[in-house]
Amino acid sequence: MTETSESKTGARIERLPLARFTTLGVGGEAEVWFVSDHQQLAEAMAQPYRILGGGSNLVIDDGGVPERVIRLSGPLAGRNLTPDAELSDGDLIVTGWVGGGVPLPGLIRALQKLGYSNLEGTVGIPAQVGGAVWMNAGTRYGEMFGGLHTLEIATPDGLKVVTPDDLRWGYRDSGIPRNHIVTRVRLKLQRSTPEEVLAKMTLADTARKGQPKMKTPGCAFKNPGGMGAGRLIDEAGLKGAQVGGALIAPEHANFIVNLGGATAADVHALLDLIRARVGVPLELEYELWPDDMQRQGMPVSAGAQWSAELK
C-alpha cells in the first residue's frame with residue numbers, strides 16, 4: 001500500500017514507481033510531489049527536484065532517481081481558452097492562462113472545436129503543455145513556439161514571465177534551462193474554423209501513420225543536419241534490433257518500443273548500439289534520468305541558474 005503524506009503547504013507526497021507516468025513504461029521509484037499552486041511548487045523546489053509531465057520523450061533509470069519528482073495538478077493543470085480582450089485583436093487570439101500540467105492532446109482537440117489555429121501541427125504528441133513547451137515539441141507541420149504569447153516559468157529565484165522573443169529557442173529547444181518549470185502559458189492563436197483546423201490536424205496525423213503504436217518515448221534522436229535519423233539507423237541495418245524487451249521499431253527506426261517487460265538498461269543498450277553503428281554523430285531527443293545531467297556535468301539541484309539571457 002502506498003504511503004501518502006502532505007507537505008507544509010498542502011502538496012500531496014507519495015513514493016511511486018515512475019514507470020506508470022511514462023509513455024515507455026520503464027523507471028524505478030521516487031518521491032512524487034503533486035503540487036497545485038505556486039506556494040506548493042516553491043516548497044517542492046526548495047530541495048533537489050525534477051519535473052515530470054506527460055512522460056513522453058523520457059527514459060528513467062531502473063533504480064529511479066534520488067530527487068523529489070514534481071507533478072503539476074489542480075489549477076496548474078487547468079486551462080482558460082477565453083480570448084483576452086486586451087491582448088486579442090481581430091483574428092489574433094491570445095488566450096487566458098493554460099497550466100503546464102494540461103495534457104496537450106486534449107488541448108489540441110479543444111482548440112479545434114473552437115476553430116483556433118497555430119498548434120494543430122502538434123497533434124498526436126502525448127505530452128503535457130509544460131514539457132512540450134520546454135522542449136519545443138512539434139512535427140514538420142508545426143511546433144509549440146508557433147502558438148505561444150507568454151510563458152510563466154518557475155525558477156529557484158521565483159517566477160519569471162517572458163515571451164518567446166526573450167528566449168533562444170529553436171528546433172526541439174526552448175532555450176529554457178533544465179530544472180526550470182513552465183507553470184503556465186498564454187497561447188497566441190489565429191481564428192479559423194473547426195473544419196479548417198481539423199483538415200490541418202488530419203494532414204499532420206496522416207504523416208504519423210508509419211510510427212509504431214506500442215509503448216515508446218517517441219523519436220530517439222534529433223535529425224542531424226537535415227538528414228533523417230531514422231533513415232540513418234535503417235541504413236545501418238538496425239531496424240528490428242532487440243535487447244531484452246526493447247526493440248528498434250520495424251515501422252520507423254528512430255523509435256524504440258517496449259515489447260513488454262523492457263528495462264531502461266535494455267533501452268540504453270540499443271541507444272549505444274545505434275551510436276556505435278551510425279557513422280554520423282547523433283544527438284538524443286530523449287531526456288535521460290539521471291544520466292543526462294550527470295553526463296553533461298550539470299547539477300540536479302534547486303540552485304540551477306538561467307543559462308539564457310533575458311531581455
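Points worth noting:
For every residue, the table says whether it meets (1) at pLDDT 95 or above; (2) in contact with a strand residue (DSSP E or B) (Cβ under 7 Å, 6 or more places away or on another chain).
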| position | (1), (2) |
| --- | --- |
| V59 | yes, yes |
| D62 | yes, no |
| V69 | yes, yes |
| A77 | yes, yes |
| T82 | yes, yes |
| I93 | yes, yes |
| Q128 | yes, yes |
| T139 | no, no |
| L148 | yes, yes |
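- Qualifying residue in the range 46-54 (condition: among the hydrophobic types (A, V, I, L, M, F, W, C) and out of contact with any Phe, Trp or Tyr (no Cβ under 7 Å at 6 or more places or on another chain)): yes
- Count of residues meeting criterion [part of a strand (DSSP E or B) and not aromatic (F, W, Y)] in the range 209-230: 2
- Within the range 2-13, residues that are surrounded by 10 or more Cβ atoms within 10 Å (Cβ to Cβ) sit with their Cβ atoms under 6 Å from residues that are among the aromatic types (F, W, Y), at 6+ positions apart or across chains, in these pairs: A11/W33; R12/F34; I13/W33.
- Annotation note: of I233, I256, the sole residue that is assigned to a strand (DSSP E or B) and either in the same structural domain as L107 (by TED's automatic domain parsing) or over 29 Å from M45 (Cβ atoms) (or both) is I256.
- Yes/no for D266 being modelled with pLDDT under 85 and not hydrophobic (A, V, I, L, M, F, W, C): no
- Residue, nearest to V197 (Cα to Cα), within the range 89-108, restricted to residues that are surrounded by 14 or more Cβ atoms within 10 Å (Cβ to Cβ) and out of contact with any Lys or Arg (no Cβ under 9 Å at 6 or more places or on another chain): I108
- Hits in the range 150-179 - residues which are in contact with a Ser or Thr (Cβ under 6 Å, 6 or more places away or on another chain) and modelled with pLDDT under 95: P177
- Options T122, T82; residue that is polar (S, T, N, Q) and buried (at least 24 other Cβ atoms within 10 Å of the Cβ): T122
- Qualifying residue in the range 198-208 (condition: buried (at least 18 other Cβ atoms within 10 Å of the Cβ), assigned by TED's automatic domain parsing to the domain that holds K113 and part of a strand (DSSP E or B)): no
The values are calculated or read from the model by the stated rules, or taken from the named source; none is laboratory data. Just so it is clear, the structure is predicted and the values come from calculations on it, not from any experiment. Note that each Cβ is placed from the backbone with ideal geometry, even for glycine, and that neighbours are counted across all protein chains shown.
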